[in-house]
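See below for the structure under consideration.
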Amino acid sequence: MRCGGAGGGFLLPQGALLLLGVCSALSLEIKASASMRAYVGEQVTLKCSFKSSFPITESLTIDWTYRPFTGGQMETIFHYQSVPYPTTVGKFKDRISWVGNVANGDASIAIESPSMSDNGTFICSVKNPPDVYHNIPQTMLVVRERGFSFQLTSAVLLSILVFLPSIIVVVLLLVRMGRKFAVQKEKKKPGCKKSSIEVSDESEHPGTGTCLGELRDRCLNCVDTDEEDPY
């Protein structure tokens, strides 16, 4: 926030000078997401960034506070001053981790294994003396069950594109092999077997290669034999 000054050599009243000094101190700007969605059991990061007109020193402090939607008192779940101090009590015990970087103006934290009971309002507060006045952004966290909905990630989509054509080719080969096996099985059924001589004679004597043709030839041979026997 910037406050305008007076010009033209006019003197300001003492109260106006005091107000101008306060306004000039409001140079610390904090940004945070207005709302966040998380899923039960999956880590969620609460992002918070800040910008100060003064150099970062060891006096810089960061505080995260929480209030459930159902109401109640605000509780501090994280404190930072040179090193992070996650809360050691309450339902957020051992579940808050520091993922920020003060040198880059990052004051983000992460919540491990969130549950629906964590739904509430989170407030990120940063102070970098003498820069201590700032806006108060609030983040509303809503934790839900993911359910059984299937999400197509890039990896899953790539796998489908790679393996689907291969699966189709394999299925077609199996169908072709199945038909070929059925034909071979049909040919192996019991029946008259043809010799090489019979196969070559089929073109000259149609019908001799079949069972009826073979039976006819044998009958003719028997008749010829009976005619040659003397009485």
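The values are calculated or read from the model by the stated rules, or taken from the named source; none is laboratory data. Keep in mind the model is a prediction, meaning the values are calculated, not measured. Neighbour counts are summed over all protein chains in view; Cβ atoms, including those assigned to glycine, are modelled from backbone coordinates with ideal geometry. With ligands, DNA and RNA removed, areas are computed over all heavy atoms of the protein, side chains included. Shrake-Rupley method; radii C 1.70, N 1.55, O 1.52, S 1.80 Å.
As a fraction of the 1.4 Å probe accessible area of the range 27-105, surface on carbon and sulfur atoms comes out at 49 percent.
Near ASN119, within a Cβ-to-Cβ distance under 14 Å, what is the net charge of the other residues, with Lys and Arg +1 and Asp and Glu -1? That sum, taken over residues with Cβ under 14 Å, equals +2.
Compared with the direct C-alpha span, the chain from GLN43 to ARG144 gains 35.1 nm at full extension, assuming 0.36 nm per residue.
Given R₀ = 25 Å, what would the calculated FRET efficiency be for ARG67 paired with ALA103, taking r from the Cβ atoms and rounding to 0.05? After rounding to 0.05, the efficiency reads 0.25.
Taking amide H positions as modeled 1.01 Å from N, with prolines and chain starts lacking one, no residue 5 or more places away or on another chain lies under 5 Å from ILE56. Counted residue by residue at 0.36 nm each, then reduced by the alpha carbon distance between them, the extension gain from PHE54 to LYS93 reaches 10.7 nm. In a reduced charge model with +1 at each Lys and Arg Cβ and -1 at each Asp and Glu Cβ, the range 76-174 shows a dipole moment near 160 debye about its Cα centre.
In the structure displayed, which of LYS31/LYS93; LYS47/LYS93; LYS91/LYS127; LYS51/LYS93 lie more than 24 Å apart, Cα to Cα? Don't skip to the end; give the middle numbers.
Values: LYS31/LYS93 26 Å; LYS47/LYS93 20 Å; LYS91/LYS127 26 Å; LYS51/LYS93 29 Å.
As for pairs spanning more than 24 Å Cα to Cα, those are LYS31/LYS93; LYS91/LYS127; LYS51/LYS93.
Only protein heavy atoms count here; on that basis, with a 1.4 Å probe, ARG144 has an accessible area of about 110 Å².
Taking all protein chains together and a probe of 1.4 Å, list THR88, THR65 from the most accessible to the least accessible. Display every interim value, and only then the final one.
Working: THR88 100, THR65 30 Å².
So, going from the largest accessible area down, we get THR88, THR65.
How many Å² of accessible area per residue for the range 16-144, probe 1.4 Å? Could you put the intermediate results ahead of the total?
Values: 6870 Å² over 129 residues.
Result: 53 Å² per residue.
Distance between the modelled labels on GLN81 and ILE167, one decimal in nanometres: 6.0 nm (7 Å Cα→Cβ projection).
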